Amino acid sequence: MGPRSRPMAEREERLLLYCIGDASPPLPDNGRGVQGRGLRCITHGELAAVVSSVAEPAWVATPTREELLEYERVIHSRHAVADVVPMRFGSVLSDEEAVRAHLDEQRAAYLRALTRVSGCVEMGARALISLPPPVTPEESAKPALRSGVDYLKARQRRYSAETRLRDHCAALEQALLSKVAPLCREHRSELTSPCSAEPALCSLYFLVPRDQMSAFRAALSSIPDIGHTELMLSGPWPPFNFVD
């Protein structure tokens, strides 16, 4: 007997990917995902994908904040019980066959990623940096500058300020690593320069073994005050910043 054809409405549905994990033990395949759609787990070889159906593929281009939070909640719930490679929102494939083909095509990359984050969570540190601008005696005595030389000097000051921010972020990174380097497997950082007078944002991410979370939190709680910097800790999260 050949396979029965599916109803048209079912054939038109697409599948939204949440995360990839090991097929054994299988990831939970119960519960509801975005828009109340039922979750299910599709396995292929050593890998498994958590998915839910999507009736309108174009919807993923304009999700609501609540839908994005629901998507992250599903990934968090799976990561709470197993290692996963979290997907970015908007990963949609046509059907189960396409999901299995994707797992087959990306098998090596997913297995490397799962090995990389095995037994770990992501912890974050966000630093708002508000460095006072340097003021020279010349600047305090002069009116608004307009000449070409003054323009070049202004550009030089701007790049000098960016260098100071990078140096401050690097110093912050080293201060944190001096406390937590033995407690994390990897780390990375990124600096977002402000568009105006707003503080710059230095984000640091740490890949921390689950059994080191308490020690990691305790170590960061003893960081001394760093001038012109407001430091905020967060986590644990799925390892969004440690998968390619």
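The values are calculated or read from the model by the stated rules, or taken from the named source; none is laboratory data. All values derive from a computational prediction rather than experimental measurement. Because the Cβ atoms are built from the backbone with ideal geometry, glycine has one as well, and the counts that use them run over all protein chains shown. Ligands, DNA and RNA are stripped out before the accessible areas are found, and what is left, the full protein with its side chains, is counted by its heavy atoms. Shrake-Rupley method; radii C 1.70, N 1.55, O 1.52, S 1.80 Å.
Tabulated results
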{"read-out": "Filtered residues of region 92-101 (kept if part of a helix (DSSP H, G or I) and within 20 Å of Y71 (Cα to Cα))", "value": "E96, V99"}
{"read-out": "Among (1) modelled with pLDDT of 55 or more; (2) assigned to a helix (DSSP H, G or I); (3) of a type outside the set (V, I, T); (4) more than 30 Å from I20 (Cβ to Cβ), the one test that L128 misses", "value": "(2)"}
{"read-out": "Filtered residues of region 60-110 (kept if open to solvent by 30 Å² or more (accessible area, probe 1.4 Å), among the hydrophobic types (A, V, I, L, M, F, W, C) and touching a helix residue (DSSP H, G or I) at 6+ places or on another chain (Cβ under 8 Å))", "value": "F89, V92, L93"}
{"read-out": "Of all residues making up region 37-49, the number that are in contact with a helix residue (DSSP H, G or I) (Cβ under 8 Å, 6 or more places away or on another chain), farther than 22 Å from F242 by Cβ and not in a loop (DSSP other than H, G, I, E, B)", "value": "3"}
{"read-out": "Residue count for region 16-41, restricted to those that are in contact (Cβ under 8 Å) with a residue 60 or more places away in the chain and within 23 Å of T115 (Cβ to Cβ)", "value": "6"}
{"read-out": "Any pair with Cβ under 8 angstrom, 6 or more apart, that starts in region 168-184 at a residue that is in contact (Cβ under 8 Å) with a residue 40 or more places away in the chain and ends at one that is of a type in the set (S, T, N, Q) and open to solvent by 30 Å² or more (accessible area, probe 1.4 Å)", "value": "C169/S189; K179/S222; C184/Q212"}
{"read-out": "Top-ranked residue of region 29-44 - restricted to ones that are more than 12 Å from R78 (Cβ to Cβ) and among the charged types (D, E, K, R), ranked as least open to solvent (accessible area, probe 1.4 Å)", "value": "R37"}
{"read-out": "Of all residues in region 222-237 being modelled with pLDDT under 85 and farther than 18 Å from L191 by Cβ, the one that is surrounded by the most Cβ atoms within 10 Å (Cβ to Cβ)", "value": "I223"}
{"read-out": "Count of region 166-195 residues which are outside any helix (DSSP H, G or I) and either modelled with pLDDT of 90 or more or open to solvent by 80 Å² or more (accessible area, probe 1.4 Å) (or both)", "value": "6"}
{"read-out": "Check on D211, of a type in the set (D, E), within 30 Å of V84 (Cα to Cα) and either modelled with pLDDT under 85 or part of a helix (DSSP H, G or I) (or both)", "value": "yes"}
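This table checks each residue for (1) modelled with pLDDT of 95 or more; (2) part of a helix (DSSP H, G or I).
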residue	(1), (2)
L16	yes, no
S24	no, no
N30	no, no
Q35	no, yes
V51	yes, no
